[in-house]
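**Student:** The following block contains the structure, expressed as structure tokens.
Rule-based calculations on the coordinates, nothing more; no lab input. Small disclaimer: the values here were computed from a predicted structure and weren't measured.
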Ligand code: PMP
């Protein structure tokens, strides 16, 4: 069979080919059950076994401590922008650090349910950096502080999560890690709640992962919809309502795939992270070394997952994309709010895909000279 093209979509995004093949092979008859996973009761033994393995594997993969609950929900990242304040804000003050479109959106939405403050913002830089945590004006009485740990559109990633306690604010940190979950380890000692839509690094859209410290559960506002009340969802093992069963199944195949990755002596998440570091480093090095392309993000804040870049001659953008597609390099167009190009190189992007992109960048640069 001809190899599949390399897909640089920001999300829904490429999945490991092996995962797609397994899902295809099991489509009509999952493990001799005579049913597709899509046709199973979420309360039946078959699906419960899929769900329990997925939860166990995710806990192992991300080293989630026992006092954190893993919830499989619906509503996506944008849903969580409302669901988090509905559950955690106690209608008080909530703080945000703005580093791009996604943290901005979250801050606005929280204002419907709580007093939504901005503790720091990188807007003046055009969202090309992360404000130094020492300069954040944190409200010490806020219910939590929210950051987007990887800004998918602006290509900004925290290389280290802030230690709020060390900054003098002993309040929970909430992270929207939608676009880099399972690409690197998470320091849970710094995190109260993490949420992520699945459609970048984990599986199909429609599944949202929430990982929340137990003491933060059980304080929802009275107006919080039952299906989005973390306490009800947790008490019912994510089956208060019908969970996104297909998404949980595919994400489970992805967790299993990540756990089996190897790079030298490294396995699992450590192997994936090492590969992600190498993939991003070679792409940024090429962009920085070329006189034709540029990425404008401060080097210390650059995302390993989403790499926005611009051509020196923007009138060539359409040619660039047409040539890329002809070479099997798909979905490189940048987000409309930023323009230019964006290469999303999530876990499932093989290193060969990044190499193929760099070869094309070089070739196009030469042809444009
Ligand atoms: N947060 C981040 C960081 C995202 O990248 C996205 C999707 N691109 C969202 C939130 C919104 O996710 P959804 O569309 O699933 O609600």
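**Student:** Taking the Cα centroid of the stretch 75-89 and of the stretch 301-369, what is the distance between the two, rounded to the nearest whole Å?
**Tutor:** Cα centres, the stretch 75-89 to the stretch 301-369: 33 Å.
**Student:** Something else now. First check a/c for the stretch 263-368, with a ≥ b ≥ c the square roots of the eigenvalues of its C-alpha gyration tensor; if it is under 1.5, answer rounded, and if not, answer prolate when a/b is larger than b/c or oblate otherwise.
**Tutor:** On the way: a/c = 1.95, a/b = 1.65, b/c = 1.18.
It comes out prolate by the Cα gyration axes.
**Student:** Another question, then. How many angstrom separate the Cα center of the stretch 205-242 from the Cα center of the stretch 1-22?
**Tutor:** First find each Cα centre; the distance between them is then 31 Å.
**Student:** Once you sort the root eigenvalues of the Cα gyration tensor of the stretch 189-236 as a ≥ b ≥ c, which label holds: rounded (a/c under 1.5), prolate (a/b larger than b/c) or oblate (the other case)?
**Tutor:** oblate
**Student:** Based on a Kirkwood Rh over C-alpha pairs, give the Stokes-Einstein translational diffusion coefficient of the stretch 41-92 at 4 °C and viscosity 1.567 mPa s in µm²/s.
**Tutor:** D, rounded to a whole number, is 98 µm²/s.
**Student:** Between the stretch 111-186 and the stretch 261-296, how many Å separate their Cα centres?
**Tutor:** 24 Å
**Student:** Please label the shape of the stretch 142-248 as rounded, prolate or oblate, based on the square roots a ≥ b ≥ c of the eigenvalues of the alpha-carbon gyration tensor (a/c under 1.5 means rounded; beyond that, a/b larger than b/c means prolate, else oblate).
**Tutor:** oblate
**Student:** Between residue 91 and residue 140, what is 0.36 nm times their sequence separation minus the Cα-Cα distance? Round to one decimal in nm. Let's see the in-between values first.
**Tutor:** Values: separation 49, 0.36 × 49 = 17.64 nm, distance 1.55 nm.
Full extension of this stretch gives 16.1 nm more.
**Student:** Continuing with the same structure: How large is the Rg to Rh ratio of the stretch 21-258 when both quantities use alpha carbon positions and Rh follows Kirkwood?
**Tutor:** 0.99
**Student:** Additional query: So between residue 159 and residue 282, what do we pick up on full extension, going 0.36 nm a residue minus the alpha carbon distance? Please list the in-between numbers first.
**Tutor:** Numbers: separation 123, 0.36 × 123 = 44.28 nm, distance 1.74 nm.
Extra length available between residue 159 and residue 282 comes to 42.5 nm.
**Student:** Before rounding to the nearest 500, sum -39500 (n - 2.57) across all DSSP H runs of length at least 4 in the chain and divide by the residue total; then give [θ] at 222 nm in deg cm²/dmol.
**Tutor:** Roughly -10500 deg cm²/dmol at 222 nm, from the helical runs in the chain.
**Student:** If I take every Cα pair under 8 Å that is 6 or more residues apart in the stretch 269-335, average their sequence separation and divide by the length, what percent do I get for the relative contact order? Before the final figure, lay out the partial values.
**Tutor:** On the way: 41 pairs, mean separation 16.5, N = 67.
With pairs under 8 Å counted, the relative contact order is 25 percent.
**Student:** Restricting the count to DSSP beta bridges whose residues both fall in the chain, what percent are antiparallel, rounded to a multiple of 5?
**Tutor:** Roughly 60 percent of the DSSP beta bridges within the chain come out antiparallel.
**Student:** Follow-up. Could you work out how much longer the chain between residue 241 and residue 260 gets when fully extended? Use 0.36 nm per residue separation minus the Cα distance between them, nm to one decimal.
**Tutor:** Extra length from residue 241 to residue 260 when fully extended: 3.7 nm.
**Student:** Counting just the Cα atoms, what span does the stretch 71-201 cover along each of its three principal axes? Round to the nearest Å and put the largest first.
**Tutor:** Dimensions of the stretch 71-201 along the principal axes of its Cα atoms: 34, 30, 29 Å.
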